[in-house]
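Accompanying notes for the structure given below.
Derivation of every value follows stated rules applied to the coordinates shown; laboratory data play no part. Note that the structure is predicted; figures quoted are calculated from it, not measured. As a convention, Cβ positions derive from the backbone with ideal geometry for all residues, glycine included, and neighbour counts pool all protein chains shown.
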Amino acid sequence: MAYQVPLLIGGKMVPSRTEQWLEVNNPATQKVIARLPCATAAEVEAAVAAASDAFVTWKETPVPERARLMLRYQALLKEQHDEIARLLSRDTGKTFEDAKGDVWRGIEVVEQAANIAALSMGEALENVAGGVDCYSLTQPLGVCVGITPFNFPAMIPLWMFPLAIACGNTFVLKPSEQDPLVPMRLAELFMEAGAPDGLLQVIHGGKEVVDLLLVHSQVRAISFVGSVAAGQHIYRTGTEHLKRVQAFAGAKNHMVVLPDANRQQAVNNLVGASVGAAGQRCMAISVAVLVGEAGNWIPDLKAAMAKVRPGIWNDPDAGYGPLISQAAKTRVLQLITRGKGEGADCLLDGSQVQVSGYPDGNWLGPTLFGGVTSDMSIYKEEIFGPVLLVMTVDSLDEAIALVNANPYGNGTSIFTASGAAARKYQHEIQVGQVGINVPIPVPLPFFSFTGWRKSFYGDLHAYGKQAVRFYTETKTVTARWFDDEIVAGPNMSIHLK
Ligand code: NAD
């Protein structure tokens, strides 16, 4: 019988009493890795109650002690880096190197969470009026919730709970039902690092479980990362129930290539950024916009993409792994067929690619479409597979207009040797994360992850200073200490003197 994933509630790994179970499959083999419970309403209630109880003492825990927990956690994660990456490779199919990157980019956020004292300091100003000082304090909210996608099972949970908890909150994590074992391992290590019981709960399931959290009276804030449809639903329902919500959603990221760019660099970066991780990154490049003479580089691009092939996690020659599920592969295949039907030119077709010895894996080879126009559904929809679309335009202005007309605004990049062109692009583009000769500009955690438009619903973004503001309330104190002498009668005006 397959391993049954427990829930983490109140510091204990507990078996679920649910009757509804899902299977977790290895995407390279379809082997059942585990059975996953869809938590019952009572279990969701117990998780929130445990978080709520733990908040009473955790919010009073001195900031340096919270920071030390993060330091111990960071050290443990680094120690277990390879082991977590191996688990991640098995569950997602990512190559080992890429899996290590997924874990590493999460560890970097934990490092940042250890810096919570500096990050959460308020402001102070004396003499804002006669003998009056003013200062601000940041205080935790209470129970925060995280709902995470399949594609970064280490990094994205680590975007959320370490910072929320370092701020003094407690947390309920609902990881993706497609690869929940890495988040469980992260939670185990958090307990091993000395996290008091109830700081972090992990519950499992899909929409029904999420919906219970969205309306729960004790939940104060919700962080979500995933698809647009789920993000819109979570943002609407969470805010309707008067919660703070940050929802990071889907994307369609363009790389603009000017003819003065280094040709080989541009081609190499396009290949890695489009088909790396089988294109299952929210910051993957899915559209190459070749400007002017760069339009002649399509044969180079095709040749470079054709050299990449998928494979299993520990094959040193594999460029990337399988898609996460058979359903995901079917969806991408349908989009490829639709692209052909819409008149796009399929220059490289990975639909039939197989990996020897792994006939059941969700493999898809690199796929390249030329002649794409912005009215085609392959351009309008997020494909989330190893598929790159190429569009050609005559000028930088045209490229900017194209990218700005696309509803998504997660990431974009420009490859050029011209500082002036890069400066113009950075200034005029309506996208929240811009790379200049950097294809996937995911900011390091001292900054924040700042998607815009249809890629983000909310105000304050993930990690960095914005996340600390998201996970805290600001309290502003205005203070006057009287000496003995009463100098004036009642002040009847609003003017603070
Ligand atoms: P998904 O939306 O299917 O699932 C994400 C999470 O939401 C899961 O935990 C799932 O159980 C839950 N969920 C799904 N549908 C729901 C619903 N209707 N109501 C409530 N909860 C629901 O996303 P996925 O397939 O796991 O991840 C891929 C998507 O995530 C892509 O669209 C990708 O662009 C996006 N993504 C965005 C970012 C970003 O930072 N903007 C980062 C990573 C992934």
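One table, with the values for the structure above:
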read-out: Rounded to 10°, Cα long-axis angle of helix 63-79 versus longest principal axis of the chain; value: 30 degrees
read-out: Value of relative contact order over region 21-62, rounded to a whole percent, pairs C-alpha under 8 Å and six or more apart; value: 27 percent
read-out: Simple label model, 7 Å out from Cα along Cβ direction - Ala117 to Thr476, nm; value: 2.7 nm
read-out: Alpha-carbon Debye profile of region 411-497, log10 I(q)/I(0) at 0.18, 0.21, 0.22, 0.25 Å⁻¹; value: -0.88, -1.06, -1.11, -1.24
read-out: GluC sites (Glu not before Pro) lying in DSSP loop within region 1-86, provided at most 13 other Cβ fall within 10 Å; value: Glu19, Glu60
read-out: Spin-label pair Val32/Ala2, simplified geometry with 7 Å Cα→Cβ offset, distance in nm; value: 0.6 nm
read-out: Calculated from backbone phi, Karplus (6.51, -1.76, 1.60) coupling profile of region 98-109 in Hz, x at Gly/Pro; value: 5, 4, 4, x, 4, 5, 4, 5, x, 4, 4, 6
read-out: Tail beyond 22 Å, pair distance distribution of region 76-162 (Cα, percent); value: 46 percent
read-out: Amide H within-cut-off set for Val353, under 5 Å, with H built and near neighbours excluded; value: Gly365
read-out: Relative contact order of the chain, pairs being alpha-carbon contacts under 8 Å that are 6 or more residues apart, as %; value: 18 percent
read-out: Asp211-Thr57 FRET efficiency (beta carbon distance; Förster radius 22 Å; 0.05 resolution); value: 0.15
read-out: Long-range amide H partners of Thr40 with built H, under 5 Å; value: Arg17, Thr18
read-out: Helical mean residue ellipticity (222 nm; -39500 (n - 2.57) per DSSP H run of 4+; nearest 500) of the chain; value: -11500 deg cm²/dmol
read-out: Charge dipole (region 131-251, unit charges on Cβ, about Cα centre) - positive-most of Val219, Gly198, Ile234; value: Ile234
read-out: When the chain is reduced to its Cα atoms, the Kirkwood hydrodynamic radius in Å; value: 24.0 Å
read-out: For region 279-336, alpha-carbon Rg relative to the globular expectation (2.2 N^0.38 Å, N residues); value: 1.38
read-out: FRET efficiency estimate (nearest 0.05) - Cβ-Cβ, Glu79 to Asp345, R0 51 angstrom; value: 0.55
read-out: Dipole in debye (nearest 20) - the chain, about Cα centre, beta carbon charges: Lys, Arg +1; Asp, Glu -1; value: 460 debye
read-out: Over region 168-219 - Rg/Rh using Cα atoms and the Kirkwood inverse-distance radius; value: 0.99
read-out: Alpha-carbon gyration tensor eigenvalues x 5, square-rooted, for region 36-110, Å; value: 29, 22, 8
read-out: Cα centroid of region 276-324 to Cα centroid of region 1-67, whole Å; value: 36 Å
read-out: Rotationally averaged projected area of region 131-238 (alpha carbon convex hull; nm²); value: 8.7 nm²
read-out: Hz values of 3J(HN,Hα) by residue in region 293-302 - Karplus curve (6.51, -1.76, 1.60), Gly and Pro given as x; value: 4, 4, x, 7, 8, 4, x, 4, 5, 4
read-out: Globularity index of region 221-265, i.e. its alpha-carbon radius of gyration over 2.2 N^0.38 Å; value: 1.87
read-out: Ranking of Ser374, Ser89 by count of other Cβ atoms within 10 Å, fewest first; value: Ser374, Ser89
read-out: Order of Ser274, Ser176, Ser377, Ser493 - criterion: other Cβ atoms within 10 Å of each residue's Cβ, fewest first; value: Ser493, Ser377, Ser176, Ser274
read-out: Degrees separating the helix 326-341 axis from the principal Cα axis of the chain, which is the longest one; value: 50 degrees
read-out: Cubic angstrom per residue, convex hull over Cα atoms of region 39-80; value: 67 Å³
read-out: Radius 11 Å from Cβ of Asn253, net charge of other residues (Lys, Arg +1; Asp, Glu -1); value: +1
read-out: Square roots of five times the Cα gyration tensor eigenvalues for region 179-253, Å; value: 24, 17, 11
read-out: Spherically averaged projected area in nm², based on the convex hull that wraps the Cα atoms of region 236-332; value: 9.4 nm²
read-out: Rounded FRET efficiency, nearest 0.05, which uses the C-beta distance separating Asp300 from Arg236 and R0 of 41 Å; value: 0.35
read-out: Added length on full extension, which subtracts the Cα-Cα distance from 0.36 nm per residue, Ala405 to Gln264; value: 47.9 nm
read-out: Paired Rg and Dmax values of region 341-419, which use every Cα atom, in angstrom; value: 15.6, 49
read-out: Using θ = phi - 60° and Karplus 6.51 cos²θ - 1.76 cosθ + 1.60, couplings along region 411-420 (whole Hz; Gly, Pro as x); value: x, 7, 8, 10, 10, 6, 9, 9, x, 5
read-out: Over region 115-229, relative contact order from alpha-carbon pairs under 8 Å, at least 6 apart, %; value: 29 percent
read-out: Charge dipole (debye, nearest 20) of region 400-497; +1 at Cβ of Lys and Arg, -1 at Cβ of Asp and Glu; value: 460 debye
read-out: Least to most buried among Leu323, Leu141 (fewest other Cβ within 10 Å first); value: Leu141, Leu323
read-out: Kirkwood-based Rg to Rh ratio, region 274-384, C-alpha trace; value: 0.96
